[in-house]
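Structure first, then comments.
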Amino acid sequence: MPAEEGVIDGLTRTSYDAVVVGAGAIGLASAWRIARGGASVAVLERDVAGAGASGVAAGMLAPVTEADFGERALLRLNLAGAARWPAFARELEAATGATLGHRARGALVVAADRDDAGELRRLHALQRELGLDAGWLAPSECRRLEPALSPRVAGGILAPHEAQVDPRALVAALVAACRAAGVEVAERCEVAGVEVAGGAARGVRTAAAERVAAGCVVLAAGAWTSRLDGVPPGALPRVRPVKGQLIELRAPGGEPLASRLVRTPRCYVVDRGDGRVVVGATMEERGFDDAVTAGGVHRLLEAAWEVLPEVEELELGRARAGLRPGSPDNAPLVGEAGAERLVVASGHHRNGILLAPLTADAVAALAAGEPAPAEVAPFAPERFASRAPQEALA
Ligand SMILES: Cc1cc2nc3c(=O)[nH]c(=O)nc-3n(C[C@H](O)[C@H](O)[C@H](O)COP(=O)(O)OP(=O)(O)OC[C@H]3O[C@@H](n4cnc5c(N)ncnc54)[C@H](O)[C@@H]3O)c2cc1C
C-alpha cells in the first residue's frame, strides 16, 4: 500500500494523539505508558533508539547511595522512582520476553583510606538522619561481604536495597514493548521544533520540514531538549549536557568480581553477573563534547583498582561517553511547558534510568489531562518561572 502523502519513513500517518520527541529511556517508557491508555503514539528519534545517555548509563537504581546534602525533595522522588521498578521490570519482561538484568543485591560504598572514611561517616550520618536503610560496616565486614575488596579498605556503608538494570537491554525491551502496543517509532528523524497555537501544542516540525500533528507533544530529547524551538519563551530553563565517561570490562572466565554495586567517592563498579563489569563515571561540564579521553579512563581504572585490585586482570572492553541532561538545579523537569498538552520530561541528570518508570507514569497522566503523581509535582518546570529571568535562563 503506498504511504499516505507526507508520511515520514517509519510512520503510517500524519496525525497522532501523542508525539514523543526522543527515544531514550524516558521517551520510550513514556510512549509505552501513554499507549496503554489506548492513544495513538509516535516516537521520533534523531538517531537510533538509545543513542543518547540511556545507551551509555551504568543502570544503578540507587537512591540511598546517591543521596546528597541539601537534596531532600530529590531523594523523595528517587525513592518513589525505585519503588516502581520491580513491578515495571516484571511488566516489561512479561510484555516482551526480554531479560532486563534487574537485580536487587544492594550497594556497598567503601572507603579506600582514612580520608574517605571520614567523608563516608558524614554521608552515613546524613543517611541515618533521613531515615534511610544504610548501615556502617567495619573493614572486615566489608571484605566478608565482598571478598575481592582490598585489605586496605577502611570501612563502608551497606545499603541493602539498591538495585541495577542493564540500560541497553531496557531500551531494546522498551522499543519492543512500544511496537507491540502499537506505538510507531521512527528513527533517523530529527525534530526541529514544536508547533504551538492558541495556547496548546498542535504537533512537531521535523528538520526536513515535515509536519506531524498531535494532540499532545512530549519533549524527551535529553541533553538536547533546549535545542528544540517553538517552546513558549521562559517556559523551560536551559537543559545542559553533563558528560560522563564509563569503561566496560570483561572477566575472562565470567567469574563475578562483586555481587553488590561497589562504590567509592571516586567511582562505582557494576558487575552484571555474567562476566560484564562496568566502571563509571566521570562528571564533566564540557558542553556537547562526548569524546572519551585517556585521562578519564585512567582516573576511573585507578579508582576502581584501589578498592578492587582484581580489576587489573579483567579484559578491557569499550570506553564510552554520554551526555546527561542537567537542569539548573540538577533535578528533573517533568510537567507542562508553557502550553496545554506540551509536556517536558527531561533534566534527569544522574538518575534517568532510576526515574524512567515514575516519569513515564507522570507523563501518561499529564498527556491524559490528569495531575502527575504527588512526588513528581514539585519538579514541574514552572518552579523556575518565579525566579529571576537570568536564573531561569541559566
Ligand atoms: C556515564 C553515565 C552513567 C549513568 N549512570 C546512570 C545510572 O547508573 N543510573 C541512572 O539512573 N542514570 C544514569 N545515568 C543518567 C541517565 O543515563 C540519564 O539520566 C537518562 O538516560 C536520560 O534519559 P533521556 O531519555 O532523558 O535522554 P537520552 O537517553 O539522552 O535520550 C534522548 C534522545 O533524544 C534524541 N534526540 C535529541 N534531539 C532530538 C531531536 N531534535 N529530534 C529527535 N530526537 C532527538 C537523542 O538522540 C536521544 O536518543 C548515567 C549517564 C551517564 C552518561
Antiparallel DSSP beta bridges within the chain, as percent of all bridges there, nearest 5 = 70 percent
note = The distance between the Cα centres of segment 308-369 and segment 67-110, in whole Å, is 13 Å
key: Mean-position separation - Cα centroids, segment 156-197 and segment 268-294, in angstrom   = 19 Å
remark   = From DSSP H assignment alone, runs of 4+ in the chain each adding -39500 (n - 2.57), the sum over residues rounded to the nearest 500 puts [θ] at 222 nm at -8500 deg cm²/dmol
ask   = Under the Kirkwood approximation applied to all pairs of distinct alpha-carbon atoms, what is the hydrodynamic radius of segment 1-103 in Å?
value = 16.3 Å
message = Percent of Cα-Cα pairs more than 17 Å apart in segment 210-322, please.
response = 62 percent
query = Along the positive direction of the dipole of segment 265-394 (beta-carbon charges: Lys, Arg +1; Asp, Glu -1; about the Cα centre), which of Gly338, His298, Phe379 reaches farthest?
reply = Gly338
request  = Compute the length gained on full extension between Ala125 and Glu302: take 0.36 nm times their separation in residues and subtract their Cα-Cα distance, giving the result in nm to one decimal.
outcome  = 61.0 nm
task = Please provide three numbers in whole Å: the alpha-carbon extents of the chain along the principal axes, with the largest listed first.
result = 67, 49, 38
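Tell me the relative contact order for segment 1-83 as a rounded percent, counting alpha carbon contacts under 8 Å between residues six or more apart.
23 percent
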query = Going through segment 216-295, which GluC sites (Glu not before Pro) have at most 16 other Cβ atoms within 10 Å and a DSSP loop state?
reply = Glu285
remark   = The local net charge around Ser327, scoring Lys/Arg +1 and Asp/Glu -1 for residues other than Ser327 whose Cβ lies under 9 Å from its Cβ, equals +1
query = So if R0 is 25 Å, what FRET efficiency would Ala377 and Thr293 give, r being the distance between their Cβ atoms, rounded to the nearest 0.05?
reply = 0.05
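The numbers here are math on the coordinates, done by the rules we state, and not lab data. Predicted, not measured: the structure shown is a model, and the values here were computed from it. Reconstructed Cβ throughout: ideal geometry from the backbone, glycine too, with neighbour counts over all protein chains shown.
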